[in-house]
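Scroll down for the structure; my scribbles are underneath it.
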Amino acid sequence: SGRYGLISENDEIIPYEAALNKMKPSEIREWSRKRGVEEKLWNIIQKGEYDAYIIVLPETYALAICKILGFILEKKNAIIVTSKRAVDECKNKENVEALVLPSSIPGLRRLEIIKLLKEAVHNHMKKE
């Protein structure tokens, strides 16, 4: 969230006008640091409660979690939807194991992509 940092999909928030897309990458990283975004996300990952990672972020938000994104890019059980630039800037090495999809899929909005990915993962898990 441009205003609140890392929030759960179930968190209730008040409407606001804030976005990171007019900030420079260095400003975005400082914004993220001040709000503890990467630390909060790292704590969630370290709990090990999830079998897979699905990350759907516009470029500016992906840059805000660049260290964590670099870690997740190395995971075979990850699907990441963001810009090529964010992937290139955040990856720790050339060996990217995650499935990386372009953030601009014609005709689909970000929330629709998230819904489709959740359904696909849910259906996949039912097969196992």
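Table for the structure above
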read-out: Karplus 3J(HN,Hα) series, Hz, for segment 53-62 with 6.51 cos²θ - 1.76 cosθ + 1.60 (x for Gly, Pro); value: 10, 10, 10, 10, 9, x, 3, 4, 6, 4
read-out: Ordering of 43-52, 75-84, 59-68, 20-29 by packing [mean C-beta count within 10 Å, highest first]; value: 59-68, 75-84, 20-29, 43-52
read-out: Prolate/oblate/rounded call for segment 20-92, Cα gyration tensor, a/c under 1.5 rounded; value: oblate
read-out: Links that overshoot a 24 Å alpha carbon limit, given the list 34/93; 76/115; 47/67; value: 34/93
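Bear in mind these aren't lab numbers, they're just calculated from the coordinates by the rules spelled out. Predicted, not measured: the structure shown is a model, and the values here were computed from it. Note that we place each Cβ from the backbone using ideal geometry, even for glycine, and neighbour counts take in every protein chain shown.
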